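Notes follow the structure.
What follows draws every value from the coordinates through simple rules; no lab data is involved. Since the structure is predicted, the reported quantities are computational estimates derived from the model, not experimental observations. Heads up, the Cβs are rebuilt from the backbone with ideal geometry, glycines too, and the neighbour counts pull from every protein chain shown.
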Amino acid sequence: MSEEKIEYIQWYPGHMAKANREIKEKLKLINVVIEVVDARLPLSSKNPEINQYTWNKQHILLLNKSDLADPEVSLEWIEWFKKNTEIQKVVLFDAFDRRMKTELVRTIQDLNVKEKAQVKCLVCGIPNVGKSTVINSLIGKKKTQIGNKPGVTKGQQWLSTPDHLMLLDTPGILWPKFEDPLVGLHLAWLGSIKDTIYEKENIAADLLKYLLIYYPGDLEALYKIEVEGKNIPEVFDAIAKSRGLLIKGGEYDYARTSVLILNDFKNGRIGRITLERPE
Ligand SMILES: Nc1nc2c(ncn2[C@@H]2O[C@H](COP(=O)(O)OP(=O)(O)OP(=O)(O)O)[C@@H](O)[C@H]2O)c(=O)[nH]1
Ligand SMILES: [Mg+2]
């Protein structure tokens, strides 16, 4: 296993361009744009093209999955977005927390929009950040399909909430080119990119590199290993050994170990982790 290999990922399938066009067609109806990003990588998971939707709307940025993110770094990000962007409301959110849901409804109702009786909100963002889960939370029922992989929502759908909000659920959209290769890597970690288009061992090794720098204690606790003084291939071996992931002949099974590490991150089992910090 090489420590140096960096994978260059691009993913912009045709259905995303179509979803983008369909959102643009609906914009005239929309009062509020609720842009959902993942609090663990709030800049990489923010689609720059969404600025085209928001310039003449009320704009709420939800840093969702905050329960999986490092709480201290999340507060730094909230301050950063408030200082460096024009976004009206920047909100730390956990789609499974009812108190946060109540606060979000109040935030939406307090916005300066004309049609107060039935505020129409576009819920948008990249794949797998929790858009449909946020909608279920606002409705208080499981009305939309969710799943921890990209592309679960296939088409637009209007849904109404008991608080008289109209919410438009939309498919996750990425943008045609990630200028910075790190963005593609980050989105693979989040499960926002189809996992058949990249080499899992490289992506998992890159993730380990960051975890070893910022959260070595969490790795040690989850996998019951010691990382002190170990390089990435050695940590990989230690995890495979600890979990008994071997192939015939007694060698470590890197393929299964990679999937294990990537799934543990995606599902928040490693700990509360933020892998991107404000400068
Ligand atoms: N821990 C945690 N998990 C969440 C949260 N919100 C959503 N999830 C999980 O994230 C995964 C993706 O959720 P979805 O709501 O399907 O994401 P989406 O953005 O609608 O995804 P697409 O429709 O594929 O674009 C699911 O496994 C959810 O259970 C949250 O606040 N915290
Ligand atoms: Mg969805």
Problem - Karplus-derived 3J(HN,Hα), 6.51/-1.76/1.60, for each residue of segment 192-202, Hz, glycine and proline x - result: 9, 10, 4, 7, 8, 9, 10, 7, 4, 5, 5
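Rounding to the nearest 20 debye, state how big the charge dipole of segment 14-169 is about its Cα centre with +1 on each Lys and Arg Cβ and -1 on each Asp and Glu Cβ. All intermediate terms of the calculation are to be shown ahead of the outcome.
Working: 25 positive and 18 negative charges, 134 e Å.
Here the size comes out at about 640 debye.
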Handout entry: Computed Kirkwood radius, in angstrom, where 1/r is averaged over Cα pairs of segment 14-157
Key = 15.5 Å
Problem - Phi to ³J(HN,Hα) by Karplus 6.51 cos²θ - 1.76 cosθ + 1.60 over segment 111-127, Hz, x for Gly, Pro - result: 5, 7, 10, 5, 8, 4, 5, 8, 6, 9, 10, 8, 9, 9, x, 6, x
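Given the rule -39500 (n - 2.57) for each run of at least 4 DSSP H residues, summed and divided by the residues of the chain, what is its mean residue ellipticity at 222 nm, to the nearest 500 deg cm²/dmol?
Numbers: 10 runs with 108 residues, N = 279.
Computed mean residue ellipticity for the chain: -11500 deg cm²/dmol.
What's the extension gain from residue 27 to residue 224 if we count 0.36 nm per residue and subtract their Cα-Cα distance? Can you show the working numbers first?
On the way: separation 197, 0.36 × 197 = 70.92 nm, distance 5.05 nm.
Extending this stretch completely gives an extra 65.9 nm.
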Fill in the blank from the handout: Net charge (Lys, Arg +1; Asp, Glu -1) of residues whose beta-carbon lies under 9 Å from that of residue 30, residue 30 excluded, is +4
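What number comes out for the charge environment of residue 257, summing +1 per Lys or Arg and -1 per Asp or Glu over other residues with Cβ under 10 Å away?
On the way: positive: 200, 241, 243, 256; negative: 201, 237, 253.
Charge balance near residue 257 sits at +1.
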Problem - Convex hull of segment 199-266 built on C-alpha atoms - directionally averaged projected area, nm² - result: 4.2 nm²
Exercise for the section: Just order 139-147, 73-81 by mean Cβ neighbour count inside 10 Å, highest at the front, would you? Expected result: 73-81, 139-147
Practice task
Kindly list the residues of segment 85-118 that lie in the label zone of residue 141, defined by a backbone N under 11 Å from the point 7 Å along the Cα-to-C-beta vector.
Solution key: none
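When the expected Rg is taken as 2.2 N^0.38 Å, what fraction or multiple of it is the alpha-carbon Rg of segment 102-196? Display every interim value, and only then the final one.
Working: Rg = 15.1 Å, N = 95, 2.2 N^0.38 = 12.4 Å.
Here the answer is 1.22, to two decimals.
For the chain, what is Rg from Cα atoms divided by 2.2 N^0.38 Å, rounded to two decimals?
Scaled against compact globular proteins, the figure is 1.05.
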Problem - Label-to-label distance, nm, for residues given as residue 214 and residue 18 (7 Å Cα→Cβ offset) - result: 3.6 nm
Completion exercise
With residue 217 itself left out, Lys, Arg at +1 and Asp, Glu at -1 over residues whose Cβ is under 13 Å from its Cβ give -3
Handout entry: Karplus 3J(HN,Hα) series, Hz, for segment 247-256 with 6.51 cos²θ - 1.76 cosθ + 1.60 (x for Gly, Pro)
Key = 9, 3, x, x, 7, 6, 8, 5, 4, 5
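Within the chain, what percent of beta bridges assigned by DSSP are antiparallel, to the nearest 5?
Restricted to the chain, the bridges split so that about 20 percent are antiparallel.
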Problem - Spatial extent of segment 131-277: Rg and Dmax, with the Cα atoms as the point set, Å - result: 18.6, 62
